[in-house]
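Enquirer: Here you go, one structure.
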Amino acid sequence: MEALTGIRWNAALRSCFPILSWLPRYNLTCVKMDVIAGVTVGLTAVPQALAYAEVAGLPVQYGLYSAFMGCFVYCIFGTSKDITLGPTAIMSLLCSAYIGGDPVFAVVLTLLCGVIQAGMALLRLGFLLDFISYPVIKGFTCAAAVTIGFGQVKNILGLKEIPQQFFLQVYYTFHKIPEARVGDVILGLCCLFFLIMMTLMKNTLGSAEDEAPSLVRSARGLVWSIATIRNALVVVAATAVAYSSEVTGHHFFSLTGKTAKGLPPFKAPPLSETIANGTVITFSDIAKDLGGGLAVIPLMGVLESIAIAKAFGSQNNYRIDANQELFAIGLTNIMGSFVSAYPVTGSFGRTAVNSQTGVRTPAGGIVTGVIVLLSLAFLMPLFFFIPKASLAAVIICAVSPMMDFRVPVQLWRVKRLDLVPFLVTFLVSFWEVQYGIVGGVAVSALMLLYIMARPKVKVSDHGVAVLELDSGLNFPVTEHLSRLVYTHALHASPPRCLVLDCSHVSTIDFTVVHELNELLKQFQMTGLSLIFAGLKPSVFKVLLMADLPVFRHTDSVDEALQLLTSIIHYDQQFSQPITD
């Protein structure tokens with residue numbers, strides 16, 4: 001008994017702290033592969049974090065503040081060896097819609113997101129994510145990619161005072177093209193060209209045959225490594241060019257500008273803010289201003305991260321625990337709020353790099369986190385000289401794979417009705433991204449409710465009416481079922497008996513039972529019969545407890561038809577007048 005209790009405690013600890021599952025087997029080979037992967041991801045994470053802070057409308061250092069906490073927390077509590085938590089394009093875009101460029105609002109949003117996500121994990125509410133359908137997700141990501149990508153065109157052109165709203169952004173970007181700075185345009189286009197070429201080379205090498213001479217394989221490995229850290233190379237090279245220009249007195253480029261020095265202080269997140277005119281914005285006011293963001297951002301953050309973890313778990317043959325992932329993300333955001341981070345989630349691009357470089361355990365994230373901390377500690381003064389055009393090029397290349405316009409074609413081929421939530425989400429997201437998600441989910445929910453309220457019912461005639469139901473009987477279907485019964489049996493000409501084929505019905509609720517009770521009374525009054533066929537045990541038990549006036553049931557439709565034939569024959573025999 002004590003041994004069994006010990007096993008249960010051990011299993012519970014491993015479930016709460018997944019690090020205990022892989023740490024005892026950790027060896028030098030794992031250390032080597034994790035260090036290589038961690039360094040590679042770190043060199044990708046630093047420039048992306050700087051760039052995504054721009055998307056969120058925050059000073060660039062906040063991208064780095066958000067990029068390291070997840071590396072350490074997820075190592076202990078995460079269940080995927082591949083996933084990396086940090087700033088992403090989609091979360092940055094969502095945050096920008098709610099925080100208005102205010103770091104205090106960003107930090108409070110991070111804290112509340114973390115509390116909500118951790119609470120969902122503890123209450124096991126991860127199933128709520130199942131109500132966000134694939135067309136909604138793809139519609140949102142496609143629109144987000146267009147919005148984010150086009151939003152960086154102004155930095156490629158060196159334009160200023162461009163509104164954030166997408167349609168105004170498009171108008172003013174084209175309107176101000178004559179004001180474009182030549183230096184920014186040339187540098188931005190050069191960065192884009194280099195990034196695109198490196199991406200194409202990496203993809204080509206990844207699909208090439210491995211059966212080649214060792215020298216060729218070594219050359220491929222070198223090129224692949226360079227292509228993997230292409231974002232860091234672009235930012236470093238562009239910064240060197242900009243620095244050389246500035247020290248010689250030429251101001252050709254729009255620069256990132258002044259950034260805070262050093263590591264962020266570890267302190268409790270601010271729960272209020274005093275603005276320039278002395279007005280104090282309280283915590284409740286901040287929460288009210290964040291509004292719908294407290295629902296949209298936690299859900300989208302969890303959805304994005306778990307989807308990535310499941311994809312790479314399937315690819316690399318391991319399973320993840322969705323509720324544990326939810327808790328890991330929530331705790332990351334709670335702890336991140338103590339170091340001035342904005343909300344984070346799993347990054348598909350960095351996770352792919354992590355997986356491709358052969359990471360063995362979540363410990364690779366520790367190396368990535370250390371690289372980010374070193375950048376904060378020693379490189380912040382140099383970030384002043386990073387050209388905005390180079391960060392814009394990094395962002396555009398990072399989000400371009402998200403624009404997957406093969407999805408509408410696939411939806412058209414498989415189920416055309418699924419194009420409706422996709423298009424609603426895609427189009428409305430250009431107005432406001434949060435409304436796009438809400439609109440898509442609402443349309444999907446309406447479609448789901450319609451299917452529940454109007455299930456497919458096969459009607460056949462065997463001398464008596466037979467209704468074959470193809471789903472559960474829940475309250476939205478009550479009126480539809482009643483109408484079908486009256487149309488094909490009670491109000492038919494002449495009225496007929498009815499068989500309800502319930503072989504596909506696994507659930508039934510009180511509203512439907514009440515309506516069946518009324519229908520059975522109508523059948524009794526007209527001298528007709530209603531027979532249930534193929535009832536599952538769960539449904540049979542409910543109907544048995546409902547005290548129906550007449551409850552006839554059979555195991556199959558054929559048996560029901562035979563029973564009805566006998567009843568009709570019996571009624572006809574005894575309804576004949578008696579003659580001498």
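The values are calculated or read from the model by the stated rules, or taken from the named source; none is laboratory data. Note that the structure is predicted; figures quoted are calculated from it, not measured. For neighbour counting, all protein chains shown are included, and Cβ atoms are generated from backbone atoms with ideal geometry for every residue, glycine included. The protein model used for the area step is the full one, side chains on, heavy atoms only, and it has no ligands, DNA or RNA in it. Shrake-Rupley method; radii C 1.70, N 1.55, O 1.52, S 1.80 Å.
Enquirer: Which whole-number percentage describes the relative contact order of the chain, with Cα contacts under 8 Å and a sequence gap of 6 or more?
Expert: Once normalised by length, the contact order is 24 percent.
Enquirer: Using a 1.4 Å probe on the protein chains only, how many percent of the accessible area of the chain belongs to carbon and sulfur?
Expert: Percent of accessible area from carbon and sulfur atoms in the chain: 65.
Enquirer: Would you please classify the overall shape of the range 288-383 from the alpha carbon gyration tensor, given that a ≥ b ≥ c denote the square roots of the eigenvalues, rounded means a/c under 1.5, and beyond that prolate means a/b larger than b/c while oblate covers the rest?
Expert: oblate
Enquirer: Moving on. Collect residues whose amide H, placed 1.01 Å from N in the peptide plane, falls under 5 Å from the amide H of residue 553; neighbours closer than 5 in sequence don't count.
Expert: HN-HN under 5 Å from residue 553: 532.
Enquirer: Among all helices in the chain defined by DSSP H, which have a length of 27 Å or more along the axis from Cα atoms plus a Kyte-Doolittle mean of at least 0.0?
Expert: 28-56, 103-122, 182-206, 293-315, 433-453
Enquirer: Separate question: Would you kindly find the accessible area of residue 375, with a 1.4 Å probe and non-protein molecules such as ligands, DNA and RNA excluded, rounding to the nearest 10 Å²?
Expert: Counting only protein heavy atoms, residue 375 exposes about 10 Å² to solvent.
Enquirer: Along the Cα→Cβ direction, 7 angstrom out, place labels at residue 124 and residue 538. What is the inter-label distance in nm?
Expert: Going by the 7 Å Cα→Cβ label model, 1.6 nm.
Enquirer: Something else: Counting only the backbone N, which residues of the range 88-109 are under 16 Å from the spot 7 Å out from the Cα of residue 267 toward its beta-carbon?
Expert: Residues 103-108 fall inside that zone.
Enquirer: Pop a pseudo-label 7 angstrom from the Cα along the beta-carbon direction at both residue 281 and residue 492 and give the gap in nm to one decimal.
Expert: 6.7 nm
Enquirer: If you don't mind, another one. Testing the spin-label approximation: label points 7 Å from Cα along Cα→Cβ at residue 176 and residue 134. State their distance in nm.
Expert: Here the modelled spin labels are 4.1 nm apart.
Enquirer: So what's the chain giving for Rg/Rh, alpha carbon basis, Kirkwood Rh from the mean inverse pair distance?
Expert: Reported Rg/Rh (Cα atoms, Kirkwood Rh): 1.13.
Enquirer: Could you tell me which residue out of 549, 180, 73 lies farthest along the dipole of the chain toward its positive end? Charges go on the beta carbon: Lys and Arg +1, Asp and Glu -1, centred on the Cα centre.
Expert: Of 549, 180, 73, it is 180.
Enquirer: Still on this model: Pull up all non-local amide H partners of residue 255: gap of 5 or more, or a different chain, and H-to-H distance under 5 Å with H placed in the peptide plane.
Expert: 388
Enquirer: Next up: Take the alpha carbon gyration tensor of the range 212-314, find the square roots of its eigenvalues, order them as a ≥ b ≥ c, and report rounded if a/c is under 1.5; if not, report prolate when a/b exceeds b/c, else oblate.
Expert: oblate
Enquirer: Hey, with R₀ at 51 Å, roughly what FRET efficiency would residue 384 and residue 445 work out to, going by the Cβ-Cβ distance, to 0.05?
Expert: Efficiency computed from Cβ-Cβ geometry: 0.60.
Enquirer: Calculate, in nm to one decimal, what residue 474 and residue 17 gain on full extension: separation in residues at 0.36 nm each, minus their alpha carbon distance.
Expert: 160.5 nm
Enquirer: Also, quick follow-up: Hey, which lysines would be in cross-link range of residue 458, C-alpha to C-alpha under 28 Å, not counting anything within fewer than 8 residues on its own chain?
Expert: Partners within reach: 415, 521, 536, 541.
Enquirer: Would you mind checking which residues have amide H under 5 Å from residue 457's amide H? H placed 1.01 Å from N; only 5 or more apart, or other chain.
Expert: Here nothing satisfies the definition.
Enquirer: Determine the shape class of the range 448-580: with a ≥ b ≥ c the square roots of the Cα gyration tensor eigenvalues, call it rounded for a/c under 1.5, and otherwise prolate if a/b is greater than b/c, oblate otherwise.
Expert: In terms of gyration-tensor shape, prolate.
Enquirer: How many Lys pairs in the range 89-213 lie less than 28 angstrom apart by Cα atoms, where the lysines are 8 or more positions apart or on different chains?
Expert: For the range 89-213, qualifying lysine pairs total 4.
Enquirer: Of the DSSP beta bridges with both residues in the chain, give the percent that are antiparallel, rounding to the nearest 5.
Expert: Taking every DSSP beta bridge with both residues in the chain, the antiparallel ones total about 45 percent.
Enquirer: Go ahead and run the numbers for FRET between residue 509 and residue 76, Cβ-Cβ distance against an R0 of 45 Å, rounding to 0.05.
Expert: That pair, residue 509 with residue 76, gives E of 0.55.
Enquirer: Per DSSP helix of 4 or more residues, -39500 (n - 2.57); summed, then divided by the residues of the chain. What does that give at 222 nm, rounded to the nearest 500?
Expert: -20000 deg cm²/dmol
Enquirer: Next question. Could you state the accessible area per residue of the chain in Å², with a 1.4 Å probe and every protein chain left in place?
Expert: That works out to 49 Å² per residue.
Enquirer: Ranked by accessible surface with a 1.4 Å probe, highest first, in what order do 412, 224, 9 come?
Expert: I get 9, 412, 224, largest accessible area first.
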